[in-house]
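Worksheet for the structure shown next.
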Amino acid sequence: MQPTKEQSLWMYENMVVSRRFEEAIEKIYLEGKTPAFNMANGPIPGEMHLSNGQEPVAVGVCAHLDADDIVTATHRPHHQAIAKGVDLKKMAAEIFGKSTGLSGGRGGHMHLFDPAVNFACSGIIGESCGPACGAALSRKMQNKPGVAVAFLGEGAANQGAFHEALNLAGSWTLPVVFVIEDNSWGISVPKSESTAVARNDVRAAGYCMPGHYIPGNDPHAIFDIAGQAIARAREGNGPTLIEVETYRLAGHFMGDAEQYRPEGEKDALFAKDPIPRMRERLVADGHAAKDLDALEDRAEARVAEAIAYARNSEYAPDSDALTAVYV
Amino acid sequence: MLDQPTNERRLTIARAMAEAMQQEMSRDPTVFVMGEDIAGFGGIFGNTRGLFEEFGKERVRDTPISETGFISAAVGAAMDGMRPVVELMFVDFFGVCFDAIYNQMAKNTYFAGGNASVPMVLMTSTGGGYSDAGQHSQCLYGTFAHLPGMKVVSPSNAYDAKGLMTAAIRDDNPVVYMFHKGLQGMGWLGTEAGATVNTPEEDYTVEIGKAKVVRAGTDVTLVGLAMGVHNALKAADKLAEDGVSAEVVDLVSLVPLDRETVINSVAKTGRLIVVDEDYHSYGVSGEIIATVTEHDISKLKASPARITFPDVPIPYAKHMEQFCLPNPDKIVAAYRKM
Ligand SMILES: Cc1ncc(C[n+]2csc(CCOP(=O)(O)OP(=O)(O)O)c2C)c(N)n1
Ligand SMILES: [Mg+2]
């Protein structure tokens with residue numbers, strides 16, 4: 001399955017939006033955190049997991065989804081949220097903890113919820129899988145169309161919840177697709193030291209579903225396989241497990257000294273940065289450089305607008321902490 | 001047990017915990033450590049630093065992100081003669097593995113009629129205050145302390161942290177060791193200076209099940225644990241400016257709970273305020289108040305008060321979280337209302 005021209009541009013634009021967004025967040029996150037790095041300080045406090053380098057997975061998959069489909073995401077959710085169409089302004093405002101944020105500041109960066117596009121997150125590793133099965137089951141029971149996609153990291157594939165959810169999906173023939181972003185690290189622990197198999201696609205066999213491994217962090221290859229899997233789910237033929245080789249260009253979270261990385265790994269990863277590679281591919285496919293420049297400018301403007309919106313928004317009253325829950 | 005450290009040797013709680021594990025691993029070959037990022041990384045909160053370099057990967061094991069798997073494996077290893085120390089990185093993650101903890105670790109000794117023991121330590125980080133939101137900031141003291149079969153401790157300073165870790169490793173019962181992130185002495189989490197104290201180099205134990213009066217007073221008893229102790233001490237300073245003499249009790253251990261020390265203190269002061277960063281209802285604060293009122297309600301000159309986290313998930317936004325968290329001013333205000 002190959003993307004149309006429009007789909008290619010859509011993928012590229014969302015990759016660029018995601019990257020520019022992360023770059024902006026990265027800078028703002030450090031405000032108030034120098035010279036002493038204290039997570040509690042600055043306009044964006046708390047943990048920050050950037051997704052730089054992993055954009056191809058989000059766009060290659062979400063290119064096949066519309067607002068009605070469901071995505072359950074991870075602790076590293078920005079690229080996934082952007083590709084799923086989560087409102088960028090409200091998402092930025094949530095990360096700033098503002099009243100105009102998706103959740104009025106209650107959730108923050110690891111808990112982005114946008115019911116308008118059926119997007120949810122969990123900061124608990126592996127916990128994207130069960131809810132995706134449930135949403136898929138709900139669509140089936142209600143006789144409504146729609147596919148659920150659970151994103152997870154390769155580290156999460158060692159969590160019980162992953163295996164239980166795959167078995168549910170396999171035995172109930174659910175319209176769900178599990179997408180593992182294999183960036184080869186779970187914080188400081190390499191996949192090779194934590195996982196009994198080299199590639200997680202082989203685990204699909206245990207749950208009677210097709211498994212695919214996609215090397216190279218290549219948006220087009222991801223588009224192809226994800227498209228087949230999502231079409232299969234839409235047709236009622238059940239779940240698929242996909243593992244994608246991808247690259248985490250940042251630390252696990254901001255402030256991570258990354259001493260566990262082998263010498264030279266980061267440079268090698270940056271040399272394979274998927275964004276310039278995608279641009280080259282688009283140019284080779286006949287897209288005019290000036291059109292791509294315009295697209296990049298547009299992406300930058302969208303990000304700037306979202307960040308400005310977040311900055312200029314008000315904080316909710318303190319006592320809002322006590323609302324939106326039964327007490 | 002040493003009452004007073006002899007020479008100036010200030011350690012953070014993180015270093016004190018690591019030192020206790022290092023000494024016990026040297027002394028006892030059955031002691032080993034496992035958890036996520038505890039080997040080369042030294043633990044996300046620094047409490048296993050140096051162990052991997054000294055003892056290697058057989059005894060200092062990075063695990064997959066499989067908490068049910070490795071915590072229940074620790075139960076099995078403990079019952080087979082080892083003394084595992086396992087880390088649940090954030091206490092909030094108990095949700096994925098609680099069966100291993102409360103149905104296995106906590107109950108197997110009883111099921112075996114006392115004929116088997118589960119000598120393991122489950123160490124886990126607690127607490128918020130740095131905007132890590134609702135899945136990474138909880139305390140859950142009450143949740144763990146509620147369930148019979150396991151000891152539960154939480155140090156407020158490095159001296160206790162080391163002695164409690166040593167005692168926990170040597171204990172034949174399972175011990176849940178809850179360390180507050182804000183006390184760890186990791187700069188990136190902010191640092192409560194009062195937690196970094198003189199800590200002897202030689203090994204020693206701090207008795208599990210014994211509370212400490214960390215400040216003597218006559219007008220009101222402030223009871224807390226971990227970060228709550230520091231909030232109470234700061235409140236006591238403020239109250240002293242108004243001529244009010246507050247006694248501060250550090251619970252140190254939740255299970256067993258040293259009810260006597262609390263009762264004796266309130267018998268003296270007649271007033272009780274419990275400071276607990278855990279949720280308000282059904283928790284440590286209610287248990288402490290019940291302990292006092294059940295024993296002899298006539299000792300109280302005023303209704304007891306509790307400064308706790310309201311019964312809502314922990315909000316991300318800094319101002320909202322700070323609004324919810326206990327602090328010294330809230331304690332002082334509670335006293336004024338008495
Ligand atoms: C149940 C649970 N255990 C541990 C953690 C702490 N933790 C957060 S991210 C992470 C690593 C996750 O690795 P992976 O799934 O590969 O995702 P990545 O961070 O690489 O995107 C860990 C261990 C958690 N959030 N939840
Ligand atoms: Mg990973």
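The rows are residues; the columns are (1) over 24 Å from the mean Cα position of the chain (by Cα); (2) within 14 Å of another protein chain (Cβ to nearest Cβ); (3) more than 22 Å from B:Gln138 (Cα to Cα).
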| residue | (1), (2), (3) |
| --- | --- |
| B:Asp242 | yes, no, yes |
| B:Ser265 | no, no, yes |
| B:Ile273 | no, no, no |
| B:Glu277 | no, no, no |
| B:Thr291 | no, no, yes |
| B:Lys299 | yes, no, yes |
| B:Pro328 | no, no, no |
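Which members of the range B:84-97 meet the condition of being in a strand (DSSP E or B), more than 16 Å from ligand 2 (Cβ to nearest atom) and within 13 Å of chain A (Cβ to nearest Cβ)?
Across the range B:84-97, the qualifying residues are B:Glu87, B:Leu88, B:Phe90.
Looking at the structure I just gave you, is B:Val152 at negative phi, at pLDDT 95 or above and surrounded by 23 or more Cβ atoms within 10 Å (Cβ to Cβ)?
Against the criterion (at negative phi, at pLDDT 95 or above and surrounded by 23 or more Cβ atoms within 10 Å (Cβ to Cβ)), B:Val152 qualifies.
For the range A:35-47, which positions are facing chain B (nearest Cβ under 7 Å) and open to solvent by less than 50 Å² (accessible area, probe 1.4 Å)?
Across the range A:35-47, the qualifying residues are A:Asn38, A:Met39, A:Ala40, A:Pro45, A:Gly46, A:Glu47.
Could you tell me whether the range B:109-117 includes any residue that is at pLDDT 95 or above, of a type in the set (A, V, I, L, M) and under 29 Å from B:Ser137 (Cα atoms)?
Checked against the condition, which is being at pLDDT 95 or above, of a type in the set (A, V, I, L, M) and under 29 Å from B:Ser137 (Cα atoms), the range B:109-117 yields no hits at all.
What are the residues in the range A:160-196 that are under 20 Å from the mean Cα position of the chain (by Cα) and more than 12 Å from ligand 2 (Cβ to nearest atom), if any?
If the condition is that a residue be under 20 Å from the mean Cα position of the chain (by Cα) and more than 12 Å from ligand 2 (Cβ to nearest atom), then A:Ala161, A:Phe162, A:Ala165, A:Leu166, A:Pro175, A:Val176, A:Val177, A:Phe178, A:Val179 are the ones that fit.
All but one of (1) without any contact (Cβ under 8 Å) to a residue 24 or more places away in the chain; (2) away from every other protein chain (no Cβ under 14 Å); (3) over 27 Å from A:Ile242 (Cα atoms) hold for A:Asp66; state the number of the condition that does not hold.
Of (1) without any contact (Cβ under 8 Å) to a residue 24 or more places away in the chain; (2) away from every other protein chain (no Cβ under 14 Å); (3) over 27 Å from A:Ile242 (Cα atoms), only one is false for A:Asp66: (3).
When the residues of the range A:240-278 are filtered to those that are of a type in the set (D, E, K, R) and under 28 Å from A:Gly227 (Cβ atoms), which remaining residue is nearest to ligand 2 (Cβ to nearest atom)?
Ranking the qualifying residues of the range A:240-278, first place goes to A:Arg248.
Just the residues that are open to solvent by less than 20 Å² (accessible area, probe 1.4 Å), hydrophobic (A, V, I, L, M, F, W, C), in contact with an Asp or Glu (Cβ under 8 Å, 6 or more places away or on another chain) and closer than 19 Å to A:Lys191 by Cα, please, taken from the range A:118-156.
Correct list: A:Phe151, A:Leu152.
Scan the range A:304-327 and report the pairs whose first residue is under 28 Å from A:Phe21 (Cβ atoms) and whose second residue is in a loop (DSSP other than H, G, I, E, B) and open to solvent by 60 Å² or more (accessible area, probe 1.4 Å), with Cβ atoms within less than 8 Å and a gap of 6+ or a chain change.
From the range A:304-327, the pairs are A:Asp320/A:Arg106; A:Ala321/A:Arg106; A:Ala324/A:Arg106.
Taking interchain pairs and intrachain pairs at least six residues apart, which have beta carbon atoms under 9 angstrom, with the first residue in the range A:227-252 and more than 29 Å from A:Asn143 (Cα to Cα) and the second polar (S, T, N, Q) and surrounded by fewer than 21 Cβ atoms within 10 Å (Cβ to Cβ)?
Within 9 Å, the pairs are A:Glu245/A:Ser184; A:Thr246/A:Ser184; A:Tyr247/A:Ser184; A:Arg248/A:Ser184.
In the range B:52-83, what residues are among the hydrophobic types (A, V, I, L, M, F, W, C), more than 10 Å from chain A (Cβ to nearest Cβ) and touching a helix residue (DSSP H, G or I) at 6+ places or on another chain (Cβ under 6 Å)?
B:Phe55, B:Val60, B:Ile71, B:Val75
Go over the candidates B:Thr221, B:Thr261 one by one and state the one that is surrounded by fewer than 22 Cβ atoms within 10 Å (Cβ to Cβ) and either assigned by TED's automatic domain parsing to the domain that holds B:Tyr159 or among the polar types (S, T, N, Q) (or both).
Just one listed residue meets the conditions, B:Thr261.
Considering the range B:11-54 alone, what residues qualify as being hydrophobic (A, V, I, L, M, F, W, C) and open to solvent by 40 Å² or more (accessible area, probe 1.4 Å)?
Once the filter is applied, which keeps residues that are hydrophobic (A, V, I, L, M, F, W, C) and open to solvent by 40 Å² or more (accessible area, probe 1.4 Å), the range B:11-54 yields B:Phe41, B:Phe52.
State the number of residues belonging to the range A:67-82 that are more than 15 Å from A:Ile25 (Cα to Cα), open to solvent by less than 10 Å² (accessible area, probe 1.4 Å) and within 11 Å of ligand 1 (Cβ to nearest atom).
2
For a quick check of your reading of the model, give me the residue pairs whose first member lies in the range A:139-164 and is at negative phi and without any contact (Cβ under 8 Å) to a residue 24 or more places away in the chain, whose second is open to solvent by 30 Å² or more (accessible area, probe 1.4 Å) and assigned to a loop (DSSP other than H, G, I, E, B), with beta-carbon atoms closer than 9 Å and at least 6 apart or on different chains.
A:Lys144/A:Asp68
Among A:Gly134, A:Gly153, which is farther than 24 Å from B:Phe323 by Cβ, at the interface with chain B (Cβ under 10 Å from one of its Cβ atoms) and either modelled with pLDDT under 95 or out of contact with any helix residue (DSSP H, G or I) (no Cβ under 7 Å at 6 or more places or on another chain) (or both)?
A:Gly153
Go through the range A:85-112 residue by residue and tally those that are within 20 Å of A:Pro45 (Cβ to Cβ), more than 16 Å from ligand 2 (Cβ to nearest atom) and within 13 Å of the chain's Cα centre (by Cα).
3
One line per residue, one yes/no per condition, for (1) within 10 Å of another protein chain (Cβ to nearest Cβ); (2) open to solvent by 50 Å² or more (accessible area, probe 1.4 Å); (3) more than 22 Å from the chain's Cα centre (by Cα):
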residue: A:Trp10; (1), (2), (3): no, yes, no
residue: A:Arg20; (1), (2), (3): no, yes, no
residue: A:Glu23; (1), (2), (3): no, yes, no
residue: A:Lys33; (1), (2), (3): yes, no, yes
residue: A:His49; (1), (2), (3): no, no, no
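The values are calculated or read from the model by the stated rules, or taken from the named source; none is laboratory data. The model shown is predicted, which means the values in this text are computed figures rather than measured ones. We place every Cβ from the backbone using ideal geometry, glycine too, and count neighbours over all the protein chains shown. For accessibility, only protein heavy atoms count, side chains too; no ligands or nucleic acids. Shrake-Rupley method; radii C 1.70, N 1.55, O 1.52, S 1.80 Å.
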